[in-house]
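Participant: One structure, as structure tokens, below. Some questions next.
The values are calculated or read from the model by the stated rules, or taken from the named source; none is laboratory data. It should be emphasised that the depicted structure is a prediction, and the values quoted were computed from it without experimental measurement. Every residue, glycine among them, receives a Cβ derived from its backbone with ideal geometry; neighbour counts consider all protein chains shown. Note: accessible area is taken over every heavy atom of the protein model, side chains too, but ligands, DNA and RNA are not part of it. Shrake-Rupley method; radii C 1.70, N 1.55, O 1.52, S 1.80 Å.
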Amino acid sequence: MLLLKKRRSVLLASAAVGLAVTAGVALVGTAEAASTLGASAAQTGRYFGAAIAAGRLGDATYTGILTREFNAVTPENEMKWDATEPSQGRFTFTNGDRILNQGLSNGSKVRGHALLWHAQQPGWAQSLSGSALRTAAINHVTQVATHYKGKIYAWDVVNEAFADGGSGGRRDSNLQRTGNDWIEAAFKAARAADPNAKLCYNDYNTDGVNAKSTGVYNMVRDFKSRGVPIDCVGFQSHLGTGIPGDYQANLQRFADLGVDVQITELDVAQGGNQANIYASVTKACLAVSRCTGITVWGIRDSDSWRTGENPLLFDNSGNKKAAYTSVLNALNAGGTTNPPSPSSPSPSSPSPSTSTPPQPGGACSATVSLNSWNGGFVATIKVTAGAAPINGWTVGVTLPSGSAVTNAWSATNTGSTGTVSFRNVSYNGQLGAGAGTEFGFQGTGAGPTTTPTCAAG
């Protein structure tokens, strides 16, 4: 991932298990296969991106591959704390802006990486502790997110805050020692600074169901239950000679919490399985409707932080490897369709929300936002309690004739056509007065055009 990743060992997964798209998932066919990674991913509303370095943008081979193949970019180091605030209160965005402008000029999404991390802190921040560090950290989040407001698709707000090993607990760091709520505070500050950016938590060694990924899962579930703003979880996926057999299932369990999942730093050690592993990761993402995209950590093998492992899709000279072909073929085979996010820049804007006026005395209201495409849609429903707390809710959504619900998250549905009833799940039924929660569903045909109903209790 990062320069300092060379200071820690990555626990590479060793179970060489191929993943296949779950049986029964609708495939999206294409009349003509796309010939680049970004174009292929875009067929299902996803991105396929690369982490890039400002210092390599003068390399014609590097930028040629970048502009041809990828429709998303992530800065390797240029937006981190040490790069953007080298001395306290003095911000510099020159190289971060170079990455941003490179991506936007190519019509690409830009992922911001990373607002807070225990590593790559400037020396002045390393010398702080307690309330002084907390204040400086939140100010840093606010200033950097404000500088890039409206231009970043998704931020890795907090990076690698959980410990390796079997505890499933937080990593000890100067940030953690400011109080266990520091991650929550960072996400709230990021949301206030840039309401439209997707806010992600990002970590490594969380690719399968294990103690560490479950620790992250429990944090995300808690955040969603309390209304702490979190929109996505990033899985770094620095892989060795295999992948966990429950890789796709792990992505899906996070998606079921009502967050997007993203493969944020993919690279795979070269060996006999490299092409198959890349294809399996791609298929797993395509099989999870809320997996919004994949980023490889570098372009050519010579650009990788994993020296000597040749873990990327292009060789040192910029030639396509077998792994490239396996990814392209998997993308062109299709998967569940994931339309552009309503909170990120996209070619089409979501339909305006419709709502019912807040109701008194413990009742609730619902609003719906749509992203639609030819043959399908995703609906995001926000449920808001009225003047009194509620202990559960049921939302009714009427679908046009010929439309059907294919899957839902953060709610259980009764029926799939006509008037469909959605009931809260265990973690999002209790809402304080005026508080809200969200659930969503994907469907075929046209999305709902009428106002949802909401009943409390």
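Participant: Net charge around SER326, counting only other residues with Cβ within less than 14 Å of its Cβ (Lys, Arg = +1; Asp, Glu = -1)?
Facilitator: That works out to +3.
Participant: Let me ask something else about it. First measure r as the distance between the Cβ atoms of ASP315 and ALA34, then evaluate 1/(1 + (r/R0)^6) with R0 = 22 Å and state the FRET efficiency to the nearest 0.05.
Facilitator: 0.50
Participant: Taking H placed 1.01 Å from N in the peptide plane, check which residues at least 5 places from LEU266 or on another chain put their amide H under 5 Å from its amide H.
Facilitator: THR295, VAL296, TRP297
Participant: Further, regarding this structure: Accessible area of ASP82, 1.4 Å probe, to the nearest 10 Å²?
Facilitator: Spelled out: ASP82, probe radius 1.4 Å, area about 60 Å².
Participant: Suppose R0 equals 30 Å. What FRET efficiency, 1/(1 + (r/R0)^6) with r the Cβ-Cβ distance, do GLN126 and THR92 give to the nearest 0.05?
Facilitator: My answer for the efficiency is 0.95.
Participant: Shifting gears a bit: Please work out the ratio of the alpha-carbon Rg of the chain to 2.2 N^0.38 Å and round it to two decimals.
Facilitator: So the chain has a normalised radius of gyration of 0.96.
Participant: Provide, in order from the shortest bin, the percent of all Cα-Cα pairs of region 190-244 in each 10 Å bin, continuing until the bin that contains the maximum pair distance.
Facilitator: 22, 45, 25, 8, 0
Participant: In region 399-457, if every C-alpha pair distance is counted and binned at 10 Å from zero, what percent goes to each bin?
Facilitator: 21, 52, 24, 4
Participant: Next up: How much accessible area does SER426 have with a 1.4 Å probe, in Å² rounded to the nearest 10?
Facilitator: Rounded to the nearest 10, the figure is 120 Å².
Participant: Which of LEU251, SER225, GLN236 sits farthest toward the positive end of the charge dipole of region 183-252, with +1 on the Cβ of Lys and Arg and -1 on the Cβ of Asp and Glu?
Facilitator: Farthest towards the positive pole: SER225.
Participant: Relative contact order, percent, of region 185-299 when contacts are C-alpha pairs under 8 Å separated by at least 6 residues?
Facilitator: 25
Participant: Would you compute, from DSSP H runs of 4+ residues alone, the mean residue ellipticity of the chain at 222 nm, taking -39500 (n - 2.57) per run and dividing by the full residue count, rounded to the nearest 500?
Facilitator: So the calculated ellipticity at 222 nm is -7500 deg cm²/dmol.
Participant: What Kirkwood hydrodynamic radius do you get for region 251-322 when you take the inverse of the mean 1/r over all pairs of distinct Cα atoms, in Å?
Facilitator: It works out to 13.0 Å.
Participant: Accessible area, 1.4 Å probe, largest first: how do ARG226, ARG290, ARG221 sort?
Facilitator: ARG226, ARG221, ARG290
Participant: Still on this structure, I have one more. Compute the length gained on full extension between THR453 and ASP222: take 0.36 nm times their separation in residues and subtract their Cα-Cα distance, giving the result in nm to one decimal.
Facilitator: So the chain would gain 80.5 nm between THR453 and ASP222.
Participant: If you rank PHE254, PHE93 by how much accessible surface each has, with a 1.4 Å probe, what is the order from largest down?
Facilitator: Correct descending sequence by accessible area is PHE93, PHE254.
Participant: Take the Cα radius of gyration of region 130-186 and divide it by 2.2 N^0.38 Å, with N its residue count; two decimals is plenty.
Facilitator: 1.27
Participant: Using only the Cα atoms, work out Rg/Rh for region 92-132, with Rh taken as the Kirkwood radius, to two decimals.
Facilitator: Computed over Cα atoms, the ratio is 1.15.
Participant: Shifting gears a bit: How long is the gain from THR61 to ALA435 if the chain were fully straight, where each residue apart is worth 0.36 nm and the alpha carbon distance is subtracted?
Facilitator: So the chain would gain 129.5 nm between THR61 and ALA435.
Participant: So if I take the centroid of the Cα atoms in region 122-162 and the same for region 257-290, what is the distance between those two points in Å?
Facilitator: Cα centroid to Cα centroid, the span is 28 Å.
Participant: What does the accessible area of ILE138 come to, in Å² to the nearest 10, when a probe of 1.4 Å is used?
Facilitator: Per-residue accessible area (ILE138): approximately 40 Å².
Participant: Using a probe radius of 1.4 Å on heavy atoms only, what accessible surface per residue do you get for the chain? Whole Å² is fine.
Facilitator: 37
Participant: Apply the Karplus curve 6.51 cos²θ - 1.76 cosθ + 1.60, θ = phi - 60°, to the phi angles in region 248-263 and return the couplings in whole Hz, x for Gly and Pro.
Facilitator: 5, 4, 5, 4, 5, 5, 5, 4, 5, 7, x, 10, 6, 10, 9, 8
Participant: Sticking with this one: Place a point 7 Å from the Cα of ALA387 along the Cα-to-Cβ direction; which residues of region 416-449 have their backbone N under 17 Å from it?
Facilitator: 432-435
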